[in-house]
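Report on one structure; see the data block that follows.
The values are calculated or read from the model by the stated rules, or taken from the named source; none is laboratory data. All values derive from a computational prediction rather than experimental measurement. Don't worry about glycine lacking a Cβ; one is built from the backbone with ideal geometry, like all the others, and counts go over all protein chains shown. Just the protein is used for accessible areas: all its heavy atoms, side chains included, with ligands, DNA and RNA removed. Shrake-Rupley method; radii C 1.70, N 1.55, O 1.52, S 1.80 Å.
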Amino acid sequence: MEATDTTETLESEPQSGPYLRVRWIAKHFDVAISTVYALIEAGTLPAIAIGTGAKKTLRVHRDDFEAYELRLRKTPQPADSSAV
């Protein structure tokens, strides 16, 4: 699912409305934009596609983003077996 997000400016707070831009999500998590696209492609982070072809843009509903973030916070971390 190749898509682009042509937003040049990044805001510290999510934009108004129910949908978030891929770039904002990447900045929020401090990851590469390609990481967010990979999450969307894997179906881990639901998104909608606006438009068609190379010009299509992906947006993530705020509720889906918040649910994903909550799942991340609740995921137990494996114990470090090398710790003494």
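Need pairs with beta-carbon distance below 8 Å; first residue touching a residue at least 12 places away in the same chain (Cβ under 8 Å) and closer than 22 Å to ARG71 by Cβ and within region 40-56, second part of a helix (DSSP H, G or I) and among the β-branched types (Val, Ile, Thr); sequence gap 6+ or separate chains.
ILE40/VAL22; LEU45/ILE25; LEU45/VAL36; PRO46/ILE40; ALA47/VAL22; ALA47/ILE40
Is it true that some residue in region 18-26 is open to solvent by 80 Å² or more (accessible area, probe 1.4 Å), at pLDDT 95 or above and in contact with a Lys or Arg (Cβ under 6 Å, 6 or more places away or on another chain)?
The first filter runs over region 18-26 and keeps only residues open to solvent by 80 Å² or more (accessible area, probe 1.4 Å), leaving 19.
If we keep only those that are at pLDDT 95 or above as well, we get 19.
From the residues that got through so far, the ones that are in contact with a Lys or Arg (Cβ under 6 Å, 6 or more places away or on another chain) too are 19.
Looking through region 18-26, at least one residue is open to solvent by 80 Å² or more (accessible area, probe 1.4 Å), at pLDDT 95 or above and in contact with a Lys or Arg (Cβ under 6 Å, 6 or more places away or on another chain).
Looking at region 51-69, which of the residues that are of a type in the set (A, V, I, L, M) and assigned to a helix (DSSP H, G or I) is least open to solvent (accessible area, probe 1.4 Å)?
Step one: list which residues in region 51-69 are of a type in the set (A, V, I, L, M), which gives 54, 58, 60, 67.
Next cut, assigned to a helix (DSSP H, G or I) only: 54, 67.
Numbers: ALA54: 85, ALA67: 41 Å².
Within region 51-69, the match that is least open to solvent (accessible area, probe 1.4 Å) is ALA67.
Give the residues of region 14-50 that are of a type in the set (A, V, I, L, M) and part of a strand (DSSP E or B), sorted by residue number. Let's see the steps before the verdict.
Start the filter on region 14-50 by keeping residues that are of a type in the set (A, V, I, L, M), which leaves 20, 22, 25-26, 31-33, 36, 38-40, 42, 45, 47-50.
Listed by number, the residues that qualify are LEU20, ILE48, ALA49, ILE50.
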